[in-house]
1. Anything in segment 236-256 that is assigned to a loop (DSSP other than H, G, I, E, B) and within 23 Å of Gln295 (Cβ to Cβ)? List them, or say none.
2. What tally of residues in segment 252-269 results from selecting those that are free of Cβ contacts under 8 Å to residues at least 24 places away in the same chain and either near the ligand (Cβ under 10 Å from one of its atoms) or touching a helix residue (DSSP H, G or I) at 6+ places or on another chain (Cβ under 6 Å) (or both)?
3. How many residues are closer than 17 Å to Pro99 by Cβ and outside any strand (DSSP E or B) if we restrict to segment 31-73?
4. Looking for whichever is modelled with pLDDT of 95 or more, of a type in the set (Asp, Glu) and on the phi < 0 side of the Ramachandran plot here; the options are Glu223, Glu232, Glu293, Glu215. Which one fits?
5. Based on what the data block shows, is Gln134 of a type in the set (S, T, N, Q), at pLDDT 95 or above and open to solvent by 60 Å² or more (accessible area, probe 1.4 Å)?
6. What do you reckon, is Val259 out of contact with any strand residue (DSSP E or B) (no Cβ under 8 Å at 6 or more places or on another chain), among the hydrophobic types (A, V, I, L, M, F, W, C), part of a loop (DSSP other than H, G, I, E, B) and closer than 22 Å to Gly50 by Cβ?
7. Which of the following residues is buried (at least 17 other Cβ atoms within 10 Å of the Cβ), within 22 Å of Asp286 (Cβ to Cβ) and aromatic (Phe, Trp, Tyr): Phe103, Phe34, Phe26?
8. For segment 274-311, enumerate the residues that are within 13 Å of the ligand (Cβ to nearest atom), out of contact with any helix residue (DSSP H, G or I) (no Cβ under 6 Å at 6 or more places or on another chain) and assigned to a loop (DSSP other than H, G, I, E, B).
Amino acid sequence: MAPRLLIAARVVEAVREADDVRSLRFVPVHRPRFPSFPGGAHTILQLADGTRRSYSLCGDPHDTSTYQIAVLREPDGRGASRRLHDEVQVGDHLYLSYPQDAFGLDPEARRHILVAGGIGITPLLSMVCDLPPQSTAELHYCVRSRSRAAFLERLAALPVDVHLHVADEGRRLDVAALLGVTAPGTSVYCCGPQRLISAVRASTAGRPPGTVHIESFTGLSSERARQGEPFEVDLTLTQRRLGVPADQTLLDVLREVGVPVDASCEGGICRTCVVDIVEGEAIHRDTCLSEQERQGALTACVSRGRGLLRLLL
Ligand code: FES
């Protein structure tokens, strides 16, 4: 699952889409097109100094001559969003990973209800361009104010019912009313802040497995990731046993001993650092793996083990 292959890309367009939201469009440098991607996929962008961050691909999946991402400025973040807003310009070269497609449309669903909050609109934008045949969709986009709503023109041209919910105009989405009763064959998707995700989870608690799809942009903080019980890992391929202290992550320890594991968000939201489990009990603290995936893997940046974990490393 790690993005070992990177594609050289050049910025050809930079647009202010809304307050604190800047989109960047790229063309590939050494090839005519980027790899194809399903709606909802993300790429891992690598800056010149090697810093990596995940961004949803928000362009049309049917046009791979360019990739587009949108970046929310995060004043309290680790700095990548500020650089992508203030320093990266048209003509600059960066690297993008092959698409990672964790958050996609259910091909069996006949009706799709998509709920976005803030910058969470980005994966849903590409998803609504990629609807399976014979299915219909409605998109609910929640923002604090109209000036923070990105891509409104593009949304208006989409072949789906788009509903804009602007909090400071008194038009908040009633999640329970929207999702309390839905027709059979409906799948629900949500990407946005934790409060919106919690409301969607609460309103869809009784739904059949596999019909609710969540993507979070809010990861565990660096401090919280380094709090927990100590545990040990056996690296079964290299036959080493390592201890992970209470105040370090598994990723920290692997880096210290030179075991190569890719990482991007380091908050448990992007899947870049996923490691396969051979045996043992993991304490999962990510927001990106499904329950099924958690049976055989964990995110090294935030998740921990109980006792001894044997890993495919
Ligand atoms: S680096 Fe993103 S989930 Fe671990």
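1. Thr236, Leu237, Thr249
2. Selection size over segment 252-269: 0.
3. Adding up the residues that qualify gives 21.
4. Unique residue meeting the criteria: Glu232.
5. Criteria not met by Gln134.
6. So Val259 does not fit the description; no.
7. On inspection, the qualifying residue turns out to be Phe103.
8. Arg285, Asp286, Thr287, Cys288, Leu289, Ser303
The values are calculated or read from the model by the stated rules, or taken from the named source; none is laboratory data. What you are looking at is a predicted structure, and each value in this text was computed from that prediction instead of being measured. Reconstructed Cβ throughout: ideal geometry from the backbone, glycine too, with neighbour counts over all protein chains shown. For the accessible areas, the whole protein counts, side chains as well, though only heavy atoms, and no ligand, DNA or RNA atoms are used. Shrake-Rupley method; radii C 1.70, N 1.55, O 1.52, S 1.80 Å.
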